[in-house]
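The values are calculated or read from the model by the stated rules, or taken from the named source; none is laboratory data. Remember, predicted model here, so these are calculated numbers, not experimental data. Cβ: placed from backbone, ideal geometry, glycine included. Neighbour counts: every protein chain shown.
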Amino acid sequence: MLRGASLDSKLHWEKIYATKAHESLSWYRAHLETSLALIERATNIRTASIIDIGGGESTLVDDLLARGCKNLTVLDLSEKAIEVTKSRLGHAAQNVTWIAADVTTAKLSPCVYDLWHDRAVFHFLTTPEKRLAYVRQTMYAVKPGGHVIVSTFGPEGPVKCSGLDVMRYDAEELHEEFGAKFRLIESKKELHETPFGTTQQFLYCYCRVE
């Protein structure tokens, strides 16, 4: 079931990224200020092993490289999104490990990441099976004592995005999806202004893996 759902999702996102400029997508920000602040609080960007989930066309990779990140991985379901960002980065793209895969089924290495970041992937997982698979991947790939930053739509956020149903969370609900092994350090809400002038409520949860 997950395999079929993954294929459908991949086709959907390849079409999105093939037909729309990344600056026109609803979640686009020139700089992910909240994410960067949390990442800088959690770890030393220059020495940490960081993975950005769903970061295909995000500018976070640009900003992390600019801050001296030496061990950065970007995972995205869409190969097209990754190609666009590689082209944008030019030679600097060689300093990033790129993974084109569904995060819930990707073959990740165990206990290799100091920090796991996800802005706007988890809320697309609308079935318990998908969410459980995601959490298991996080537990598997993040080092004990590592950091997990996940951002979803908040309780007043949209109910759909890019034609797909999404989940909305408050901090307690999102933390509950991950469980007691993830100690909640901080949560915050952010009003994101879309490129077309509307606002979306995002929720950020920063946890530490026990």
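A few remarks follow.
- Considering Glu186, Glu129, Glu156, the condition of being under 19 Å from Thr43 (Cβ atoms) and either among the acidic types (Asp, Glu) or within 16 Å of the chain's Cα centre (by Cα) (or both) is satisfied by Glu186 alone.
- Under the condition of being modelled with pLDDT under 95 and surrounded by 13 or more Cβ atoms within 10 Å (Cβ to Cβ), the residues counted in the range 201-210 number 0.
- Residue match in the range 153-175 (condition: among the charged types (D, E, K, R), touching an Asp or Glu at 6+ places or on another chain (Cβ under 7 Å) and in contact (Cβ under 8 Å) with a residue 40 or more places away in the chain): no
Condition check ((1) charged (D, E, K, R); (2) surrounded by fewer than 21 Cβ atoms within 10 Å (Cβ to Cβ); (3) farther than 24 Å from Arg183 by Cα) across all residues:
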| site | (1), (2), (3) |
| --- | --- |
| Ala48 | no, yes, no |
| Val61 | no, no, yes |
| Gly68 | no, yes, yes |
| Ala81 | no, no, yes |
| Lys86 | yes, yes, yes |
| Asn95 | no, yes, yes |
| Val103 | no, no, no |
| Leu108 | no, yes, no |
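- Of the residues screened, Asp165 is one that is surrounded by fewer than 21 Cβ atoms within 10 Å (Cβ to Cβ), over 16 Å from the mean Cα position of the chain (by Cα), charged (D, E, K, R) and under 18 Å from Asp102 (Cβ atoms).
- Number of residues in the range 164-205 that are in contact with a helix residue (DSSP H, G or I) (Cβ under 7 Å, 6 or more places away or on another chain), within 18 Å of Leu32 (Cβ to Cβ) and part of a loop (DSSP other than H, G, I, E, B) equals 1.
- Residue identified as touching a Leu at 6+ places or on another chain (Cβ under 9 Å), free of Cβ contacts under 8 Å to residues at least 60 places away in the same chain and β-branched (Val, Ile, Thr) among Val121, Val135, Val148, Val96: Val96
- If you filter the range 36-70 down to residues that are among the small types (Gly, Ala, Ser) and free of Cβ contacts under 8 Å to residues at least 12 places away in the same chain, you find that the one that is nearest to Ser151 (Cα to Cα) is Ala37.
- Every listed requirement among (1) modelled with pLDDT of 95 or more; (2) surrounded by fewer than 16 Cβ atoms within 10 Å (Cβ to Cβ) is met by Ser24 save one, (1).
- Flag for Lys143 being in a strand (DSSP E or B) and among the charged types (D, E, K, R): yes
- Every residue from the range 99-118 that is in contact (Cβ under 8 Å) with a residue 40 or more places away in the chain and touching a strand residue (DSSP E or B) at 6+ places or on another chain (Cβ under 7 Å): Val103, Val112, Tyr113, Asp114, Leu115, Trp116, His117, Asp118
- In the range 133-142, the count of residues that are of a type in the set (Lys, Arg), surrounded by fewer than 16 Cβ atoms within 10 Å (Cβ to Cβ), out of contact with any helix residue (DSSP H, G or I) (no Cβ under 9 Å at 6 or more places or on another chain) and at pLDDT below 95 is zero.
- Test: residue in the range 107-117 that is modelled with pLDDT of 95 or more, assigned to a helix (DSSP H, G or I) and under 17 Å from Tyr204 (Cβ atoms): no
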